[in-house]
Amino acid sequence: MKKAERAIYIQKRLEELYPNPSIPLTHLNDYTLLVAVLLSAQCTDKKVNEVTKDLFRLAYSPKMMCRLNEDIILDRIKQLGLAKQKARHIYRLSEILIRNFQGQVPRNYEDLESLPGVGHKTAGVVLSQAYGIPTFPVDTHIHRLAQRWDLTKGTNVRQTERDLKELFPKEYWNKLHLQIIYYGREHCTARGCDGRKCLLCQELFPRRAKPVVHLKA
């Protein structure tokens, strides 16, 4: 199966499995989505949702967040990795949003990536999930699966993103981003599949599939 054929097959199978993928991070508006995505770095979505439930009760806009100090923000997110750094980023980006963007979350990569703690992937997720702008944010799950499925030879997420954008129609990028993440978490995990075990890997590469060992009677 050629790469383009694999891409069509993958999209079809993911559509069967996840026809309506939901955004895994709980949020109230564009601003809280930005904060949640920032917090999700090196953390599970489940853990982020646990801490933001309390944080967003206190503040769900840049102005409300700026009324808190960094210590209060830190106290609410202290269970997360890199909590001190993230608390500082949240407070500072909230100030910048008020000062430079009238309290609104920007709708372009350049302005988003100028905010503290907001990298290319975070910006892409916000543009995709908050504003419906076609992007293809690549996280560790997508990068791993794109390599396993021979959709990219990229050694970094930027190259993988470019390769995936060339393979899949633009109108499906946002949905595929979520579908691949869900599949990577549930079926083709880093330790649970080595590119030969999960159903989709076996369907794509039957010659590579791990043989079944039959025990002798």
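Values as computed for the structure displayed
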| quantity | calculated |
| --- | --- |
| Proxy reagent accessibility, fewest Cβ within 10 Å first, across Ser114, Ser61 | Ser114, Ser61 |
| Stretchable slack from Asp111 to Arg196, in nm (0.36 nm times residue separation minus alpha-carbon distance) | 26.5 nm |
| The chain, relative contact order in percent, only Cα pairs under 8 angstrom and at least six apart counted | 19 |
| Cα gyration tensor shape for region 21-89, rounded if a/c is under 1.5, else prolate or oblate | oblate |
| Filter on Lys12/Lys153; Lys46/Lys175; Lys84/Lys153; Lys78/Lys170; Lys78/Lys175; Lys78/Lys153 - keep pairs with C-alpha separation over 30 Å | Lys84/Lys153; Lys78/Lys170; Lys78/Lys175; Lys78/Lys153 |
| Label-point separation in nm, Lys2 to His187, each point 7 Å along Cα→Cβ | 2.5 |
| Per residue convex hull volume, Cα atoms of region 30-131, in Å³ | 82 |
| Degrees, to the nearest 10: 120-131 long Cα axis against longest axis of the chain | 80 |
| Extension reserve of the Thr44-Gln159 stretch, reckoned as 0.36 nm per residue once the Cα distance is removed | 39.0 nm |
| Amide N proximity, region 41-66 versus Lys78 label position 7 Å along Cα-to-Cβ, cut-off under 15 Å | 51, 55 |
| Pairwise FRET efficiency - Asp71 versus Tyr172, Cβ, R0 = 41 Å, nearest 0.05 | 0.40 |
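Since every read-out is calculated from the coordinates, none of them should be taken as a lab result. Note that this is a predicted model, so its numbers are computed, not measured. Positions of Cβ are generated from backbone atoms using ideal geometry, with glycine treated the same way; all protein chains shown enter the neighbour counts.
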